[in-house]
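Every read-out reported here was derived from the displayed coordinates using simple, explicitly stated rules and does not represent laboratory data. Not measured: the values here are computed from a predicted model. In this analysis, Cβ positions are derived from the backbone assuming ideal geometry, glycine residues included, and neighbour counts consider all displayed protein chains.
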Amino acid sequence: MAKKGVVTLTKSNKKTTSTQKVNSTKQTSKIAKASSDKADIEKTKDAKKANATDSKANKKRVENTSSVSNSIKKKDVKNIPTVNKKESIKKSKSSKIAKKTNKNKKGFNFFHIFALIIFSGILGGSYILYNNVLRPQYTIQFVDAEGIEYGDYPSITVKSGDSFTFTVTVNEGLSYYPQFNGITANGKKLEKIDDIYKVKVFSNLAIVANGWGTAGLIFDETNLVTGINASKVVIPYGVTNVNPGAFNSFNSIVEVTIPSSVSELGNLAFENCANLSKVNISNNTMVNMECFSGTAWLNSQPNGVVYIGSCAYTYKGTMSNGTIIEIAPGTKYISPKAFERKSAIVGVTLPNSIEKLATCLFINAVI
């Protein structure tokens, strides 16, 4: 019986021992697991610390890199020439303008096209109306001067604002006197380019060739003081007066041309020029006392009132008693002593065209 109790006790001890072993194993595993978990936690913490350290280092690297790049950029900006800045500004402006233009183009629709067509039509019509109807036209008159040719036309019509050109041909026998300004338009001297004169028109114009005449004439400003004893005498355009007796007794003179610029011939200017038979004179010249007495020209005139230009110069021939002289229409002047010693005159009829009556018209005349 005692043996059986021992055996039984032994078996229970064996079971207890095995149970203790299992429990110790389990505790050991739990401790190992806990220690491994703790190790894992420590590793995680270490990894986080390492990552934080790396991130801080990376941040410092990035900051250093950005600061270096910013400093480089600042240096580069400082080193950029001002011209490049201006060019960049211009480019930016042009790009803005281009953008605006593109926007405008996008907004350009049918209405704008229609309005543009209408505006163009109105503008074109207005120009045509002004150009063909309303724009003034002016006359260009080329004043006659002996030995001068103005291209192929005596006068032309030009619209306001337009230009025209012309040439001047001068007779080889004439000399130029520069004090008379050459070619002028309304008194203003013109300059030629390659022998061509060009004028822009804003008013009526008178084109004149001043200063070409017979060589050897003597002037005091615009007054002809002394003439020349030549067969043909051309007084230059621009002369205003011929002094008294300037050509007196020059028997070689056969023909004389007096331009319209001459307002007055002095007394006895061509007296006793016996061979003077042809006198070319305008209607603007007042002929004074006995300018052409003793000339072939006067001797060739018919009896009655002798006219030269627009001047009643003298009375030639015998006058019957009770004569009433009727001055011709268009006469502007009556020369001094025109009716001297004409005692038969009882009256004179004057036209409305008379501008000047000289003194001493009727010396020793009964009127």
What share of the DSSP beta bridges in the range 213-357 is antiparallel, in percent to the nearest 5?
-> 25
Net charge of Cβ neighbours under 10 Å - reference ALA209; Lys, Arg +1; Asp, Glu -1 = -3
Full extension from LYS316 to ASN275: what is 0.36 nm times the residue separation minus their Cα-Cα distance, to one decimal in nm?
-> 12.8 nm
Pop a pseudo-label 7 angstrom from the Cα along the beta-carbon direction at both PHE202 and LYS356 and give the gap in nm to one decimal.
-> 3.4
From Cα coordinates alone, what are the radius of gyration and Dmax values for the range 160-204 in angstrom?
-> 12.1, 37
Charge dipole (the range 174-249, unit charges on Cβ, about Cα centre) - positive-most of ALA246, THR214, ASN229 | THR214
Using the scaling law 2.2 N^0.38 Å as the reference, what is the normalised Cα Rg of the range 213-357?
-> 1.06
Gain in span if fully extended, TYR176 to ARG135, counting 0.36 nm per residue against the direct Cα distance = 10.9 nm
Spin-label pair THR323/ASN186, simplified geometry with 7 Å Cα→Cβ offset, distance in nm | 4.7
Pairwise FRET efficiency - SER120 versus ILE218, Cβ, R0 = 56 Å, nearest 0.05 = 0.30
Taking the Cα centre of the range 139-212 as origin, work out the dipole magnitude from +1 charges on Lys and Arg Cβ and -1 charges on Asp and Glu Cβ, in debye rounded to 20.
-> 420
May I ask you to derive the relative contact order of the range 139-212, considering only C-alpha pairs under 8 Å and at least 6 residues apart, and to give it as an integer percent?
-> 42
